[in-house]
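Trainee: Let me begin by handing over the structure; questions about it come next.
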């Protein structure tokens with residue numbers, strides 16, 4: 001018998017106060033996810049059931065900022081199709097998981113300024129995450145954003 | 001192991017690699033015939049069979065080449081656990097009295113290059129394909145990247161794991177990659193998915209492996225040296241694991257299907273990681289072998305940095321790992337990988353591993369496969 005590190009006893013629903021119900025006037029523009037009504041589980045993209053308990057999950061907007069949990073760089077062009085390279089052709093790009101709250105880490109393409117930026121990725125760096133027409137995108141948080 | 005002992009009396013494999021002239025089915029027939037010859041029995045003695053491939057056809061059609069004896073032949077299609085699931089089914093067939101001689105076979109043949117999954121097959125939006133996130137190597141890079149951060153593993157350790165794989169592959173006649181490469185060459189072979197370089201990865205390939213399993217009574221009638229299968233376990237992931245093609249993963253400490261499957265295999269066998277003299281761990285790339293050493297209970301997280309540098313995981317070390325060169329040197333025909341691992345342990349425990357033989361007559365062996373979408377199969381074997 002093992003102890004589930006995410007058991008409800010360990011972290012109640014109050015463990016992620018930064019999650020805002022949808023729709024809320026105070027909600028930060030961010031990714032549309034869902035949160036289980038019964039366990040401390042937040043999923044992305046939104047789903048109507050919890051993958052842990054099978055119970056109902058309610059829509060939430062995820063926080064718009066977090067920290068880099070892990071990353072890699074796609075050094076060669078993925079196979080097309082399905083990959084659609086940008087108009088200027090493929091250039092290596094970074095991707096990773098952004099920890100948005102205690103409950104959820106979301107996969108995102110990391111938009112860094114140029115190839116030089118690929119050398120400055122580090123676990124724990126602050127990132128802003130936005131929903132796009134494609135997969136989530138994250139970019140380094142500017143000092144001004146960090147102060148606000 | 002709960003229930004009666006099951007013995008492995010025959011083990012066969014083909015060389016692994018690229019075989020433009022041979023179909024996956026032809027390789028499977030060759031592996032089955034090698035296993036039958038090793039056991040010293042004709043095909044007609046086999047009472048039931050289980051097997052499969054991921055992308056090279058149906059195993060039950062092999063009867064057209066092996067012989068139309070009328071035996072029950074069940075197809076298994078379970079991704080990277082295809083061989084392990086066939087093995088578990090074969091064990092249960094013997095335990096239940098369905099048959100006293102049972103075949104397990106795995107084979108495959110994949111096209112050149114990385115696997116080519118479609119987002120819709122994984123329940124993902126098409127944007128994961130168009131934006132370039134349906135690439136398996138990204139997952140391997142990201143999992144070991146975090147692990148290195150948390151547990152102080154260096155890129156040199158990743159290179160040493162691959163260096164050992166090619167060194168052992170050079171000693172294995174059936175391996176695909178048989179040219180030794182130095183850690184420096186591996187580090188400089190070009191970054192694929194940071195921190196993993198080109199020569200740290202295995203490649204999809206072709207090959208087949210087969211085992212003949214017997215009840216103790218049936219084994220007594222044969223001449224060879226049987227190996228006892230102490231346990232064979234397959235598990236799928238629990239909530240909280242980190243798997244390929246995940247748009248999100250839960251927070252907190254990760255769970256591990258390899259941890260679950262290996263613990264269950266050791267418990268059933270009545271043995272522990274400390275009893276193992278030689279083992280086979282899934283090494284899709286160097287980082288996987290590093291993490292699986294800890295997930296399967298052979299060391300604490302972070303201890304690999306010292307273990308690998310000390311040569312402990314080499315042939316002649318305290319815990320030889322992937323003595324045939326593993327997936328890195330053999331390539332990965334998905335359906336065949338798990339049974340190739342068992343084949344290698346059988347050879348080692350019988351003292352028949354030739355130039356790559358682990359010294360001092362190893363008594364206990366362990367095998368572990370892991371793959372998408374979070375499945376693991378483990379065995380414990382003894383002589």
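Trainee: Based on the Cβ-Cβ distance from residue B:189 to residue B:55, what FRET efficiency comes out when R0 is 35 Å, to the nearest 0.05? Spell out each step's value before the answer.
Mentor: Details: r = 27 Å, r/R0 = 0.78.
Efficiency for this residue pair is about 0.80.
Trainee: A further question on this structure: For the protein assembly as shown, what does -39500 (n - 2.57) per DSSP helix run (n ≥ 4), summed and divided by total residues, give at 222 nm, in deg cm²/dmol to the nearest 500? Could the numbers behind the result be given before it?
Mentor: On the way: 14 runs with 137 residues, N = 531.
Calculated mean residue ellipticity at 222 nm is -7500 deg cm²/dmol.
Trainee: In 10 Å bins starting at zero, report the fraction of Cα pairs in the protein assembly as shown per bin as a rounded %.
Mentor: 4, 18, 28, 24, 16, 8, 2, 0
Trainee: Can you give the translational diffusion coefficient of the range A:65-147 in µm²/s, computed by Stokes-Einstein from the Kirkwood radius over Cα pairs at 10 °C and 1.306 mPa s?
Mentor: Working: Rh = 13.4 Å.
Once the numbers are plugged in, D ends up at 118 µm²/s.
Trainee: In percent, what relative contact order does the range A:65-147 have, based on Cα pairs under 8 Å that are 6 or more apart in sequence?
Mentor: Worked out over the range A:65-147, it gives 32 percent.
Trainee: What translational D, rounded to a whole number of µm²/s, comes out for the range B:86-213 from Stokes-Einstein when the hydrodynamic radius is the Kirkwood one over Cα pairs, at 4 °C and 1.567 mPa s? Don't jump to the answer; show the numbers that get you there.
Mentor: Numbers: Rh = 18.0 Å.
Roughly 72 µm²/s, to the nearest whole number.
Trainee: Give me the distance in nm between label points sitting 7 Å out from Cα along the Cα-to-Cβ direction at residue B:95 and residue A:53, one decimal.
Mentor: Label-label distance for residue B:95 and residue A:53, simple model: 3.4 nm.
Trainee: Please report Rg over Rh for the range A:69-108, where both radii come from the alpha carbon positions and Rh follows the Kirkwood definition.
Mentor: Radius of gyration relative to Kirkwood radius: 1.10.
Trainee: Further question: Rg to Rh for chain B: what is it, with Cα atoms only and Rh by Kirkwood?
Mentor: Details: Rg = 19.5 Å, Rh = 20.6 Å.
For chain B, the value is 0.95.
Trainee: If you don't mind, there's one more thing I want to ask. Just how far, in whole angstrom, is the range B:345-377 from the range B:186-254 if you go by their alpha carbon centroids?
Mentor: 11 Å
Trainee: Shifting gears a bit: With the convex hull built on the Cα atoms of the range B:223-342, state its orientation-averaged projected area in nm². Walk me through the intermediate numbers first.
Mentor: Working: hull surface 37.1 nm².
Convex hull of Cα atoms, orientation-averaged projection: 9.3 nm².
Trainee: With an 8 Å Cα cut-off and a minimum separation of 6 or more residues, compute the relative contact order for chain B in percent.
Mentor: About 26 percent, as a whole number.
Readers should treat all values here as calculations from the given coordinates under stated rules, not as data from a laboratory. Here the structure is a predicted model, which is why all the values come from computation and not from measurement. Don't worry about glycine lacking a Cβ; one is built from the backbone with ideal geometry, like all the others, and counts go over all protein chains shown.
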